Each structure stands twice: as C-alpha cells, then as structure tokens.
Amino acid sequence: MLGFEDFTVLPAGEIELIREGLSPAETVCEIALGKAREVKSRTRGDNLIIAADTLVYLDGAPLGQPENEESARRMLRALSGRKHTVYTGLALIRADREACCAEASDVYFREMSESEIEAYIATGEPMDKAGAYGAQGLGALFVSRIDGDFFNVMGLPVCRLGLMLREFGLGIF
C-alpha cells in the first residue's frame, strides 16, 4: 500500500509475555521492541526493522489470541454489545537507533447472537487474532463504530508508521 517493493518478512521468535504493572501502551511497546530486537539480532547492516504487536483490552484486561474455540467463544461473548480498546505497539530499529510508540483505537461491537458467534468461530477467522476477531474480515460485521485509526485495529497503524518513518529520514512522499 505504501509502495515499498524491496523488503523481507522475518517473523520474530520472541515469546510474548505480558509483565504485570505495565500500562497497555507500555505492554505493546515492550513486545514490539522485543520482536524488533530479536529480528535485528539475526540481520546484518543497518536495515530498517519494523515490528508491531496488537492487543485488545476489555475492562483493563488484555485479550490475546484465543487458545481454542472455547476461549474464542468467551472473548466474543464478552465483546458483544460493548466498547473495547485496541492497542498496537509499533517499533522501528535502524543501526543503533530505536523508537517505539503505541496507538489506541476504541472499537464498539453490536450485540451478537449465539448463532452468529458460532458461525463466525466455524470460519476459523478468530483463531489467530487478538480479541478473536478481524475487523478487516468477517469480523467487520460486528463492528458498529471505530474511534481512531482503522489500520491500528488491523494491527499496523499506517498513519503512525508514516510519521515514524519520516522521523527516521524515510518519508513516503
């Protein structure tokens, strides 16, 4: 979307642990920086490393990816008819310079019926997504409103990324 053609995707091997006592923004930044540092340790030169991590928070508690269909069911029931906040930590590393920031977006779900929850789980879409839904897929049918960056809810706050790239001397335009 941003026109980059010469890049490599290197999944991080970092295990995502959530430390107690951190704010949601601090948590996602810590995880994103951990991923970026782990990838940097496997690369040479001054390549730009971009890493992100997204968590859904409901009533102050993080909802990661569901472990199984039952945990997806619990998450979707809890989100039904309610507001939650999606936080994404975005980390950039180039040479010896590191930066990380967090983006937050409030997402409002409409009420979901049990049959809709079951049908959605049966698609498999919720199983690898924070909060057990994808706003860019069928999960969009449950989102009644987003206050904030839509791309943040998908896992990569594009506007914030553009600003950070500019700070690193890599403006898009």
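Key figures for this structure:
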{"read-out": "Of 89, 131, 45, the one that fluctuates the most in a GNM where the chain has Cα springs shorter than 10 Å", "value": "45"}
{"read-out": "Amide N proximity, the range 130-150 versus residue 113 label position 7 Å along Cα-to-Cβ, cut-off under 17 Å", "value": "141-143"}
{"read-out": "Förster radius 45 Å - calculated FRET efficiency between residue 146 and residue 95 (Cβ-Cβ, nearest 0.05)", "value": "0.80"}
{"read-out": "Net charge over other residues, Cβ less than 11 angstrom from the Cβ of residue 161 (K, R count +1; D, E count -1)", "value": "-1"}
{"read-out": "Sites excluded, trypsin sites (Lys or Arg not before Pro) in DSSP loops with at most 16 other C-beta within 10 Å, longest stretch of the chain", "value": "111-173"}
{"read-out": "Selected from 124, 34, 135, residue furthest toward positive end of dipole (the range 24-167; charges at beta carbon)", "value": "34"}
{"read-out": "GNM flexibility winner over the chain from 101, 29, 159 (Cα, springs under 10 Å)", "value": "159"}
{"read-out": "Kyte-Doolittle at least 1.0, axis length at least 18 Å by Cα - qualifying DSSP helices, the chain", "value": "none"}
{"read-out": "GNM result for the chain, Cα springs below 10 Å: residue of 95, 51, 32 fluctuating most strongly", "value": "95"}
{"read-out": "Separation of the residue 9 and residue 138 label points, Cα + 7 Å toward Cβ, nm", "value": "2.1"}
{"read-out": "Estimated dipole of the range 113-173 in Debye, rounded to 20 [Cβ of Lys and Arg +1, of Asp and Glu -1, Cα centre]", "value": "360"}
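No value in this document is a laboratory result; all are computed from the given coordinates. This structure is a prediction, so every number in the text was calculated from the model and none was measured. Cβ atoms come from the backbone with ideal geometry, glycine included; neighbour counts cover every protein chain shown.
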